[in-house]
Structures are given as structure tokens and as C-alpha cells.
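K.L.:
Could you have a look at this structure, given as C-alpha cells, before my questions?
The values are calculated or read from the model by the stated rules, or taken from the named source; none is laboratory data. As the structure is a prediction and not an experimental result, all values here were calculated from the model. Because the Cβ atoms are built from the backbone with ideal geometry, glycine has one as well, and the counts that use them run over all protein chains shown. Heavy atoms of the whole protein, side chains included, go into the accessibility calculation; ligands, DNA and RNA do not. Shrake-Rupley method; radii C 1.70, N 1.55, O 1.52, S 1.80 Å.
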Amino acid sequence: LKAVHGRDGGKAIAGFGSAKCSNEEAYLFQKLIRQRFETNNVDHCTRLCHASSVAALMEGLNSGAVTAPFTAAGDAECIIVIGARPAENHPVAATYLKNAAKRGAKLIVMDPRGQAQGIARHASHILRFKAGTDVALLNAMLNVIVTEGLVDQQYVQANTEGFDDLKARITEFPPEKMADVCGIPAETIREVARLYARSSASIIFWGMGISQHVHGTDNARCLIALALTTGQIGRPGAGLHPLRGQNNVQGAPDAGLIPMVYPDYKSVEDAEIRKQYEAFWGRPMDPVKGLTVVEIMDAIHADQIKAMYILGENPAMSDPDQSHARAALAKLEHLVVQDIFMTETAWHADVILPAAAHAEKAGTYTNTNRQVQMARPVIDPPGEARADWAIVTEMANRLGLGWTYSHPREVFAEMAQVMPSL
């Protein structure tokens with residue numbers, strides 16, 4: 001890695017971190033890539049799951065996080081679940097949704113697969129729309145809310161902008177016209193829209209079915225518009241909740257494991273913020289945002305990136321174009337893979353570093369509710385395996401950085417110095 005960096009500079013190096021590692025490990029990994037190799041080419045799998053949701057939330061609410069925890073379902077009168085299978089994939093959150101339905105809350109499940117998921121058994125309404133027509137369905141609901149005067153005028157005037165543009169554009173999407181597009185009867189769309197808007201508290205949960213589309217960001221924009229036009233946000237039982245997938249999908253980007261921002265979503269292209277990090281980490285920082293997961297693979301094929309350090313990611317399986325990704329991994333001059341299994345990606349590696357699993361190491365994880373949870377080791381790592389933070393620290397020291405961390409608590413303390421959220 002040192003040789004490639006010395007010959008071709010930081011632009012020839014890239015790192016993939018992991019949403020399965022702890023907050024401290026995510027922070028250390030992005031720090032290593034940025035501090036030692038002077039590049040922002042560091043990313044992880046969030047790019048391929050909720051990136052479109054985060055883009056829409058940043059644009060619409062100036063924050064990429066959930067606005068309400070899943071426990072808010074306990075205070076909700078109306079719950080919409082779209083593009084998610086919480087009973088199968090988020091069982092803890094699903095328990096709160098089931099309990100809310102038993103209490104009498106209206107549970108509306110919108111899913112092209114209809115009753116093919118566990119939560120649907122508890123639903124008052126199941127909207128089995130045609131796959132890929134989310135925008136048509138949601139815009140039809142918005143049309144009902146606007147044309148029937150269900151808008152929370154006070155909230156809209158006090159907290160939003162651009163409503164007049166939305167109002168003008170939404171006239172093109174009456175339920176009668178959209179029914180043919182999305183396959184849901186106009187009267188059902190009207191009923192659900194009224195239910196959502198008139199409820200004392202409505203909350204929307206969504207998952208990969210919303211975000212993993214060519215129009216994923218538009219899907220999320222529609223959901224945000226529903227909440228903002230009706231004022232169903234910022235109150236107990238109301239809000240927006242993109243259900244996170246892996247155990248630290250929220251914490252890893254919070255800790256800066258993405259190419260365009262430092263920890264707490266501070267832009268790498270902001271000169272003032274960059275100066276703070278240069279002073280804090282004692283090295284010059286790259287003033288240009290780095291490449292994303294997909295762009296890194298393209299850059300390898302274009303002979304721009306020559307070496308990679310992959311921690312806990314498996315792009316040979318998770319990349320949208322597996323053949324393209326595997327050819328890229330095979331083409332690299334040098335590939336280091338750090339993992340707990342001999343993954344498909346590890347087969348391409350020049351060096352494999354055996355890491356410890358979550359039950360074998362200490363650290364914190366940030367769940368979908370943004371609750372920071374402590375993990376403590378209950379068993380020792382097998383063989384020569386070590387905790388990820390310990391391996392990354394050793395790598396940093398072999399690369400001449402002189403890190404002195406002896407426990408994740410020291411890393412967390414450093415994170416808290418630059419992350420107001422902690």
C-alpha cells in the first residue's frame with residue numbers, strides 16, 4: 001500500500017469499510033484512509049441500500065437520520081409500511097408495529113407482493129400496487145391531500161418551502177388517472193390518503209423496496225412530501241423512518257465512512273471544516289470528495305485505482321454488477337481483505353487479515369433508532385484473529401502514523417471531540 005501510494009499518490013488507493021463493524025472501527029478505518037493516504041476514496045455498503053433515502057432526507061429535512069424511533073409506533077394512530085418486510089428483516093421493530101395494530105392503530109401495508117409478508121396479517125389495508133409504480137401511487141395520495149384540503153396549512157407555512165410548486169405539479173396525478181398506472185382503485189387511494197392525513201399521528205416506515213430503484217430518491221421524496229404537507233412529523237407517533245438493514249448502517253456513516261463527508265456529515269469540500277481536521281489529525285486532507293463504491297470499481301477498470309483495503313465488505317457479492325466487480329478485484333495490483341470469513345472477495349486478495357466477530361470484541365453500535373448500544377466481548381477470537389480496531393491501529397502504525405489506542409473507549413473519546421452527536 002505504501003509503495004503504490006508513494007508511486008501514484010492517494011488517488012490510486014481506496015478503502016471499503018463495513019456497516020457490520022463498530023462505530024469506533026468505522027471511524028478508525030476512514031481516518032486511516034484519509035490521514036495516511038490523503039484521499040477521500042472510502043465508502044461502504046450504505047451506498048447500495050439507503051443512499052437514495054439519505055439523499056432525499058438531506059434535501060428535504062437537512063438530516064439523513066430517522067425523524068422518529070420505531071417505538072413511536074406505540075403513539076401512532078396510522079402506520080404506513082412500504083417497501084419493507086419488518087416481520088422478516090426487522091423483528092424487534094415489527095413487534096412494536098404488531099402491538100400498535102392490536103391496540104387499534106390502522107396499519108397500511110403497501111407492497112407489490114401483497115400478503116406475502118408476515119406483517120400483512122396485522123394490516124387494516126393492503127395495497128398491492130404494480131412493482132415500480134411507487135411514485136404514481138404516492139403522488140395520487142398527495143393529490144387527494146391537496147385537492148381535498150387535508151393540508152396542515154399552519155405547519156406548511158411555518159416549516160416548509162416550495163409548497164405552491166408541489167400544489168401546481170400534483171394536479172397531474174388524480175387517483176382516477178393513477179389507478180390504471182399503479183393498479184390500486186381510486187377510492188382505495190382516497191381512503192388511505194384521508195386516513196393518513198386526518199390521523200392524530202401518522203408514521204411511515206420504508207425499506208429497500210423504496211430505495212433500491214432508479215427512482216429511489218423520488219420515492220423517498222414523495223414520502224417526505226406526504227409527511228410535510230400533513231404536518232405528520234416532529235410529534236409523538238408521527239414521522240419518517242427508513243428502516244436500517246445491517247447492525248451499524250446508521251453508525252458507520254455517522255462516523256464518516258463515506259467519501260463526501262467527515263464524521264457527523266461535515267463536507268470534505270468545506271475549507272473551514274477541512275482545516276479543523278488537518279489540525280486535529282496533523283496531516284493535509286484531500287479537498288475533493290472521494291469516489292463511491294460503484295465509482296471505485298469503474299476507476300479500477302480505468303487504471304486509476306491500483307490498490308484497495310477492504311474491511312468487512314464483500315463487493316464480489318454485493319456490487320450491483322458482480323462480473324464487473326470481480327474483474328476489478330482481480331485486476332488490482334494489491335488487495336488487502338480483512339474479514340471473519342473466507343468471502344468471495346477474500347478469494348481475490350493478496351493478503352487476508354483474520355478479524356474478530358462482534359461477540360469477540362468491544363465497541364458501540366448505533367441502531368436504526370440512533371440509540372448507541374454497547375457491546376462487550378463474551379468469547380475470545382479464534383486463532384490469530386484480532387478485533388478490527390486493533391488490526392487497523394497496527395496497520396496505521398506500520399504505515400508510520402504512531403497511533404496509541406489500546407481500547408475502543410479511547411477511540412470513542414476522540415470521536416466525541418469532533419462529533420457533537422456523540
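K.L.:
Can you pull out every residue in the stretch 255-282 that is open to solvent by less than 10 Å² (accessible area, probe 1.4 Å), in contact with a Ser or Thr (Cβ under 9 Å, 6 or more places away or on another chain) and farther than 13 Å from Gly17 by Cα?
P.N.:
Listed by number, the list holds a single entry, Pro263.
K.L.:
Sticking with this structure for a sec: Answer with yes or no whether Gly231 is at pLDDT 95 or above, among the small types (Gly, Ala, Ser) and open to solvent by 10 Å² or more (accessible area, probe 1.4 Å). Spell out how you get there, then give the answer.
P.N.:
Details: at pLDDT 95 or above: yes; among the small types (Gly, Ala, Ser): yes; open to solvent by 10 Å² or more (accessible area, probe 1.4 Å): no.
Answer is no for this residue.
K.L.:
In addition: Scan (1) at pLDDT 95 or above; (2) more than 25 Å from Ile391 (Cα to Cα); (3) open to solvent by 50 Å² or more (accessible area, probe 1.4 Å) for the single condition Pro320 breaks and write down its number.
P.N.:
(1)
K.L.:
Scan the stretch 376-413 residue by residue and report those that are surrounded by fewer than 17 Cβ atoms within 10 Å (Cβ to Cβ) and over 26 Å from Leu1 (Cα atoms).
P.N.:
Arg376, Pro377, Val378, Ile379, Asp380, Pro382, Arg409, Glu410, Ala413
K.L.:
Given (1) within 30 Å of Asn367 (Cβ to Cβ); (2) open to solvent by less than 30 Å² (accessible area, probe 1.4 Å), where does Glu77 come up short, assuming only one miss?
P.N.:
Looking at each condition in turn, Glu77 falls short on (2).
K.L.:
Return the pair list, or none, for Cβ contacts closer than 6 Å from residues in the stretch 206-221 that are within 14 Å of Asn139 (Cα to Cα) to residues that are assigned to a helix (DSSP H, G or I) and of a type in the set (Asp, Glu), at least 6 apart or on different chains.
P.N.:
Asn219/Asp134
Okay, residues lined up against (1) out of contact with any Leu (no Cβ under 9 Å at 6 or more places or on another chain); (2) of a type outside the set (Val, Ile, Thr):
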residue	(1), (2)
Ile258	yes, no
Leu291	yes, yes
Gly312	yes, yes
Ser318	no, yes
Ala328	yes, yes
His334	no, yes
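K.L.:
Considering only residues of the stretch 283-301 that are open to solvent by 60 Å² or more (accessible area, probe 1.4 Å) and either farther than 20 Å from Tyr262 by Cα or free of Cβ contacts under 8 Å to residues at least 24 places away in the same chain (or both), which is farthest from the chain's Cα centre (by Cα)?
P.N.:
The selected residue is His301.
K.L.:
Let me ask something else. When you check Val214 against the structure, is it outside any helix (DSSP H, G or I), open to solvent by 20 Å² or more (accessible area, probe 1.4 Å) and of a type in the set (A, V, I, L, M, F, W, C), yes or no?
P.N.:
yes
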